[in-house]
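After the structure tokens below, expect a handful of questions from me.
The values are calculated or read from the model by the stated rules, or taken from the named source; none is laboratory data. Remember, predicted model here, so these are calculated numbers, not experimental data. Ideal geometry is used to build each Cβ from the backbone, glycine not excepted, and the neighbour counts take in all protein chains shown. Just so you know, the surface numbers come from the protein's heavy atoms only, side chains and all, with ligands and any DNA or RNA stripped out. Shrake-Rupley method; radii C 1.70, N 1.55, O 1.52, S 1.80 Å.
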Amino acid sequence: MTAFSLLGAGSLVVEPGTEVSCEVLVRNLSSVVDQFSIDVVGGTRDWTTVEPRLVNLMPGGEATVRVVFAPGRGPDVHAGEYPFGVRMQSREYADLSAVVEGHVEVTAFTSLDAELLPTKRRGSRKAKYQLAVENSGNTPVRIEVE
């Protein structure tokens, strides 16, 4: 009925705060005009878009769909490899769907903030301070303080 394939490499690399894309080819091999909805399944779903999400194809027709992965630069998307699936659902054959799979690697970045508390010393003798360190990166960081 339909052919559905990932164009290019099924393995992508993206830096947080940027985007990377791949293309999916959809072919209507049936003998009827059909509409296909395309979406992403898996852990990348929240930071992935599909352009266009709906494709209308004549019998024998084909279209290319662009899938864009854009993880934000922050601690929400951890560094590492994420499997994903691009799912195609036919309107005419609703009980059938197809999924093409790949994976995207999100690279690591570090972003540390440190603050000495309290910021002002009171009194003329010794004072106690605390060092507050915040990791706003997407990977664990080991720190040592001397």
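Please work out if LEU12 is surrounded by 14 or more Cβ atoms within 10 Å (Cβ to Cβ) and either under 30 Å from SER136 (Cβ atoms) or in contact (Cβ under 8 Å) with a residue 40 or more places away in the chain (or both). Don't jump to the end; show me each part of the working.
Numbers: surrounded by 14 or more Cβ atoms within 10 Å (Cβ to Cβ): yes; either under 30 Å from SER136 (Cβ atoms) or in contact (Cβ under 8 Å) with a residue 40 or more places away in the chain (or both): yes.
Spelling it out, LEU12 is indeed surrounded by 14 or more Cβ atoms within 10 Å (Cβ to Cβ) and either under 30 Å from SER136 (Cβ atoms) or in contact (Cβ under 8 Å) with a residue 40 or more places away in the chain (or both).
Among the residues of region 128-139, is there at least one that is under 30 Å from VAL24 (Cβ atoms), surrounded by 14 or more Cβ atoms within 10 Å (Cβ to Cβ) and without any contact (Cβ under 8 Å) to a residue 60 or more places away in the chain?
no
Let me ask something else. Which of the residues spanning region 17-61 are open to solvent by 30 Å² or more (accessible area, probe 1.4 Å), within 19 Å of TYR82 (Cβ to Cβ) and among the hydroxyl-bearing types (Ser, Thr, Tyr)?
Hits for region 17-61 are THR18, SER21, THR49.
Those residues that are of a type in the set (A, V, I, L, M) and modelled with pLDDT under 90, I need them from region 105-134; list them, please.
Taking region 105-134 and keeping what is of a type in the set (A, V, I, L, M), we get 106, 108, 112, 114, 116-117, 127, 131-133.
Within region 105-134, LEU112, ALA114, LEU116, LEU117, ALA127, LEU131, ALA132, VAL133 meet the criteria.
For the condition in contact (Cβ under 8 Å) with a residue 40 or more places away in the chain, more than 30 Å from LEU131 (Cα to Cα) and not aromatic (Phe, Trp, Tyr), what is the one hit in ASP95, ASP34, ASP46? So that I can check it myself, show each step before the final result.
Values: ASP95 fails: in contact (Cβ under 8 Å) with a residue 40 or more places away in the chain; ASP46 fails: in contact (Cβ under 8 Å) with a residue 40 or more places away in the chain.
Criteria check complete, one pass: ASP34.
OK, next. Kindly state which strands (runs of 3 or more DSSP E) lie completely within region 1-88 and contain at least 1 residues that are under 30 Å from THR110 (Cβ atoms) and among the aliphatic types (A, V, I, L, M).
Values: elements: 2-7, 11-14, 20-28, 34-42, 48-51, 54-57, 62-69.
Strands (runs of 3 or more DSSP E) meeting the threshold: 11-14, 20-28, 34-42, 62-69.
I'd like to verify a number: residues in region 105-115 that are in a loop (DSSP other than H, G, I, E, B), of a type in the set (Val, Ile, Thr) and surrounded by 14 or more Cβ atoms within 10 Å (Cβ to Cβ), how many?
Within region 105-115, the subset in a loop (DSSP other than H, G, I, E, B) is 107-111.
Retained after the next criterion (residues that are of a type in the set (Val, Ile, Thr)): 107, 110.
From the residues that got through so far, the ones that are surrounded by 14 or more Cβ atoms within 10 Å (Cβ to Cβ) too are 107.
Residues that pass the stated criteria total 1.
What number of residues in region 68-102 are open to solvent by 30 Å² or more (accessible area, probe 1.4 Å), among the aromatic types (Phe, Trp, Tyr) and under 22 Å from GLU51 (Cβ atoms)?
Looking only at that region, the number is 1.
Next question, about the same structure. Would you mind finding the one in GLY137, GLY43, GLY60, GLY102 that is of a type in the set (Gly, Ala, Ser), modelled with pLDDT under 95 and either at positive phi or touching an Asp or Glu at 6+ places or on another chain (Cβ under 7 Å) (or both)? Break it down into steps so the answer makes sense when it comes.
Working: GLY137 fails: either at positive phi or touching an Asp or Glu at 6+ places or on another chain (Cβ under 7 Å) (or both); GLY43 fails: either at positive phi or touching an Asp or Glu at 6+ places or on another chain (Cβ under 7 Å) (or both); GLY102 fails: either at positive phi or touching an Asp or Glu at 6+ places or on another chain (Cβ under 7 Å) (or both).
Answer to the selection: GLY60.
State yes or no: is GLY102 assigned to a strand (DSSP E or B) and in contact (Cβ under 8 Å) with a residue 60 or more places away in the chain?
Working: assigned to a strand (DSSP E or B): yes; in contact (Cβ under 8 Å) with a residue 60 or more places away in the chain: yes.
Considered against the rule, which asks whether it is assigned to a strand (DSSP E or B) and in contact (Cβ under 8 Å) with a residue 60 or more places away in the chain, GLY102 comes out as yes.
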